[in-house]
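What follows is calculated from the coordinates using simple rules that are stated; it is not laboratory data. These numbers were taken from a predicted model, which means no experiment stands behind them. Cβ placement follows ideal geometry from the backbone for every residue including glycine, while neighbour counts extend to all protein chains displayed.
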Amino acid sequence: MLRPRIIPCLLLHKNGLVKTVNFQDPTYVGDPINAVRIFSEKEVDEIAVFDIDATVKRTGPNYHLIEKLAGQSMMPLCYGGGISNADQAERVLNLGVEKVSLGNAALQNPAVITEISKRSGSQSTVVVMDVKKTASMGYEVFTHNGTNGTGVSPLEFAEIAESYGAGEVIINSIDRDGLMNGFDLELIAGVADKLSIPITVLGGAGSLEHIKEVIDSHKVIGVAAGSLFVFKGPHKAVLINYPSVQQKRIVCGQ
């Protein structure tokens, strides 16, 4: 039986660790390799790393950096950024990564989800969707770091991902990114309650109470956070942190 997972999320920009607010103004906060090493020492459930440059610049995955990150990771590692075909996905997984995530590539060519799933297993195949509210259609999936509206709803994209063989869906709220004011529970409910595969939610975590609220509402789920686990205190001093075993038990209801 799957249990709730609390997942630090790291963003890569120009090979450095950054944080954004509403997907804008990436601010350098440190060395991603060192951050992964520290999170490994803290025995986190899982870690997600997304290269926010690769798809926009069409550079593909940075295999050298991914290998270094995987070498420091003692927990399951999910990587996303620049993967557009099954060969790239397989190469990333062979470096020691447990999961690969697809965004724009899955939307443009859903068959790539099936190909990766068949070759590497559905448990290693994740689809991530970046979502924000628009005046025209409510919740809408965006690509290219929130600059390209697709006209596709998150539920529609999630159902496509599931039907093509994805083993997990990540819902990332652009509107809540970096604000630390809580998750978009309406967005989560609109997708989570209609899928049979696990989901992970991202965007808005500012406290362990925010994480607990999501887990209490949706039970089996992954809850990811960036700012919460790299900043500390009201002035947002950079400090890698993660809940203690006792705190996790309380948050996850265990």
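Note on the range 1-55: with charges restricted to the Cβ of Lys and Arg (+1) and Asp and Glu (-1), its dipole about the Cα centre is near 100 debye.
Once you charge only the Cβ atoms, +1 for Lys and Arg and -1 for Asp and Glu, what is the size of the charge dipole of the range 166-254 about its Cα centre, to the nearest 20 debye?
On the way: 8 positive and 9 negative charges, 78 e Å.
That gives a dipole near 380 debye.
Put in order of Cβ neighbour count within 10 Å, fewest first, the listed residues LEU102, LEU12 become LEU12, LEU102. DSSP bridge analysis restricted to the chain gives an antiparallel fraction near 35%, rounded to the nearest 5. Using +1 at the C-beta of Lys and Arg and -1 at the C-beta of Asp and Glu, which of TYR164, VAL141, ALA237 has the Cα lying farthest in the positive direction of the dipole of the chain? It is ALA237, whose Cα lies furthest towards the positive end.
Given their separation in residues at 0.36 nm each and the Cα-Cα distance between them, THR134 and ASN85 gain 14.6 nm when the chain is fully extended.
What FRET efficiency do you get for THR147 and GLU67 if R0 is 25 Å and r is their Cβ-Cβ distance, rounded to the nearest 0.05? That pair, THR147 with GLU67, gives E of 0.25.
Order by neighbour count: LYS236, LYS99, fewest other Cβ atoms within 10 Å first, most last.
Values: LYS236 14, LYS99 23.
Going from least to most buried by this count: LYS236, LYS99.
A dipole drawn for the range 1-159 from +1 and -1 charges on Cβ atoms has a positive end, and of CYS9, LEU155, ILE33 the residue lying farthest that way is ILE33.
Work out the length of the dipole vector of the chain about its Cα centre, built from +1 on the beta-carbon of each Lys and Arg and -1 on the beta-carbon of each Asp and Glu, and round it to the nearest 20 debye.
On the way: 23 positive and 27 negative charges, 102 e Å.
With Lys and Arg at +1 and Asp and Glu at -1, about 500 debye.
Each of ALA106, VAL223, SER196 was placed along the dipole of the range 5-252 (beta-carbon charges, centred on the mean Cα), and the one lying farthest toward the positive end is VAL223. Distance from the C-alpha centroid of the range 26-64 to that of the range 115-158: 20 Å, rounded to the whole angstrom. Sort the chain into rounded, prolate or oblate with this rule: let a ≥ b ≥ c be the square roots of the eigenvalues of the Cα gyration tensor; rounded if a/c is under 1.5, and if a/c is not under 1.5, prolate when a/b is larger than b/c, oblate otherwise. The shape class here is rounded.
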